[in-house]
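Scroll down for the structure; my scribbles are underneath it.
Every read-out reported here was derived from the displayed coordinates using simple, explicitly stated rules and does not represent laboratory data. Nothing here was measured: the structure is a model prediction, and the numbers come from that model. Reconstructed Cβ throughout: ideal geometry from the backbone, glycine too, with neighbour counts over all protein chains shown.
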């Protein structure tokens, strides 16, 4: 039933992306780079970002909920605000999970949070793109290291891919969006 509703909604070629990850992973910078905005002055997202772009013949809406710091006890920050994240899960076609390739200390937290998200009922039909950000920095984690440490090969509930990228240079950001849009066309669009 869910797939029928998604297909009906996507006749107009609109897709919705939810972008999440630990604080300081580069989510806002990625969106700014995609939107051709200045990436030299990025501060933590305190509210939320919703951006819509025309891409590959359709409309793509990227949503980033409030980002708070891990230090207050949970990935989204304050537990009271994290509970509102679920409002963004509705009608999500793709989850983009952004990983900071330079942050080896929090990969366990990253894995735990991603695993929890993939159990959310309203995200069950969504595909997963893991953007391994900051790969332009020396000594960063490799794609294979992150794939193993996040347990990506164990994910059987969602179609997924991992793509090394750089929000600062723009490397592989369009390729990631192309994968997302093509996947949506293959799964959801009625043409």
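Each of 48, 89 was scored by other Cβ atoms within 10 Å of its Cβ. Arranged with the fewest first, they read 48, 89.
Taking other C-beta atoms within 10 Å as the exposure proxy, 53, 62 rank 53, 62 from fewest upward.
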